[in-house]
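To keep things clear, I will list the structure first and then write my remarks on it.
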Amino acid sequence: QARSSYITSEILWGYRFTPVLTLEDGFYEVDYNSFHETYETNTPVYSAKELAEMASRAELPLTWSVSSKLDQHAELETEEEEKNQEDQNERNGDVANLENE
């Protein structure tokens, strides 16, 4: 048993260690040559925590398809930004109208 700590550059997202144990003639054999080797796996881009945060910001339950709901959320944000811009333009227009009066 051993304890270790890792620096940020040593942590690989979406990778696993290559198996090093094999069963040979009833005995386990350890291949120390590949002890530090890793291989890439199919892993989501975001962590579970990040997905949960995005879902809570979008006020969506996690049981929904997060990727499709994130796309919908992005569309809603774009619509909100356009509406806010229109509101701002109206307010700016009202100020200009008041100055002209």
Handout entry: Highest to lowest packing among 28-35, 46-53, scored as the average C-beta count within 10 Å
Key = 46-53, 28-35
Problem - Long-range amide H partners of Y15 with built H, under 5 Å - result: T41
Fill in the blank from the handout: With x for Gly and Pro, the residue-by-residue ³J(HN,Hα) of the range 47-58, computed from phi through the Karplus equation 6.51 cos²θ - 1.76 cosθ + 1.60 at θ = phi - 60° and given in whole Hz, is 6, 4, 5, 5, 4, 5, 5, 5, 5, 5, 5, 7
Practice task
Find the accessible area per residue for the range 10-59; the probe is 1.4 Å, ligands and nucleic acids are left out, and the unit is Å².
Solution key: 92 Å²
Fill in the blank from the handout: Per residue, the convex hull enclosing the Cα atoms of the range 10-59 spans a volume in Å³ of 108 Å³
Practice task
Could you work out how far apart the two model spin labels at E24 and E81 are, taking each label as a point 7 Å from the Cα in the direction of the beta carbon, and quote it in nm?
Solution key: 5.9 nm
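The values are calculated or read from the model by the stated rules, or taken from the named source; none is laboratory data. Note that this is a predicted model, so its numbers are computed, not measured. Positions of Cβ are backbone-derived with ideal geometry, glycine not excepted, and every protein chain shown enters the neighbour counts. The accessibility values were calculated without ligands, DNA or RNA, using every heavy atom of the protein model including side chains. Shrake-Rupley method; radii C 1.70, N 1.55, O 1.52, S 1.80 Å.
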